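Shown next, in structure tokens, is the structure this report addresses.
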Amino acid sequence: MTDEIDQRIYELVRRYDGVYLFKQKTLTPQIDIDTDLNFEREEAQALMDEFFSEFEVDRGGFMIDTYYPDEPSLAQILNPFNKREVPVVPDFTLGMLIESAKAGRWLYE
């Protein structure tokens, strides 16, 4: 059953990951949705909406903003007097989806 959940999640992610001309990426639990797959915020939100529905996982405190914080405006970026703090963004991995699917609820904050 564990491998079945893993494979179903990989299939779901592949539907959002686009088409490859030569070789499809090998998906593992360590793959990060943001940094490794380069999903935009909207793609990740759509993926997660389908994930919660398809796997009947309770959203709990899941917020896409945790993994995709708002970008600073152009005015903030160009202002030399504006001290910008780089937000610390937690990992957002396929393993997190797998473990949450097994538990039936989002396990991360």
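Taking every residue in region 40-58 that is under 13 Å from residue 14 (Cα atoms) and pairing it with any residue that is hydroxyl-bearing (Ser, Thr, Tyr) and open to solvent by 10 Å² or more (accessible area, probe 1.4 Å), at least 6 positions away or on another chain, the pairs with Cβ-Cβ distances below 6 Å are 43/16; 47/16.
Within region 1-16, is there a residue that is over 22 Å from residue 102 (Cβ atoms), open to solvent by 60 Å² or more (accessible area, probe 1.4 Å) and hydrophobic (A, V, I, L, M, F, W, C)? No, region 1-16 has no match at all.
Criterion first (at pLDDT 95 or above and open to solvent by 50 Å² or more (accessible area, probe 1.4 Å)) does residue 21 satisfy it? Considered against the rule, which asks whether it is at pLDDT 95 or above and open to solvent by 50 Å² or more (accessible area, probe 1.4 Å), residue 21 comes out as no. Every test in (1) modelled with pLDDT under 90; (2) surrounded by fewer than 17 Cβ atoms within 10 Å (Cβ to Cβ); (3) not hydrophobic (A, V, I, L, M, F, W, C) is passed by residue 28 save one, and that test is (1). Pairs are defined by a Cβ separation below 7 Å, a sequence spacing of at least 6 or placement on different chains, a first member in region 89-109 that is closer than 14 Å to residue 63 by Cβ and modelled with pLDDT under 95, and a second member that is hydroxyl-bearing (Ser, Thr, Tyr) and part of a helix (DSSP H, G or I); the pairs so defined are 89/67; 90/66; 90/67. Scanning region 31-49 for residues that are open to solvent by 60 Å² or more (accessible area, probe 1.4 Å) and closer than 13 Å to residue 97 by Cβ turns up just one, 49.
The values are calculated or read from the model by the stated rules, or taken from the named source; none is laboratory data. Note that the structure is predicted; figures quoted are calculated from it, not measured. Cβ: placed from backbone, ideal geometry, glycine included. Neighbour counts: every protein chain shown. The protein model used for the area step is the full one, side chains on, heavy atoms only, and it has no ligands, DNA or RNA in it. Shrake-Rupley method; radii C 1.70, N 1.55, O 1.52, S 1.80 Å.
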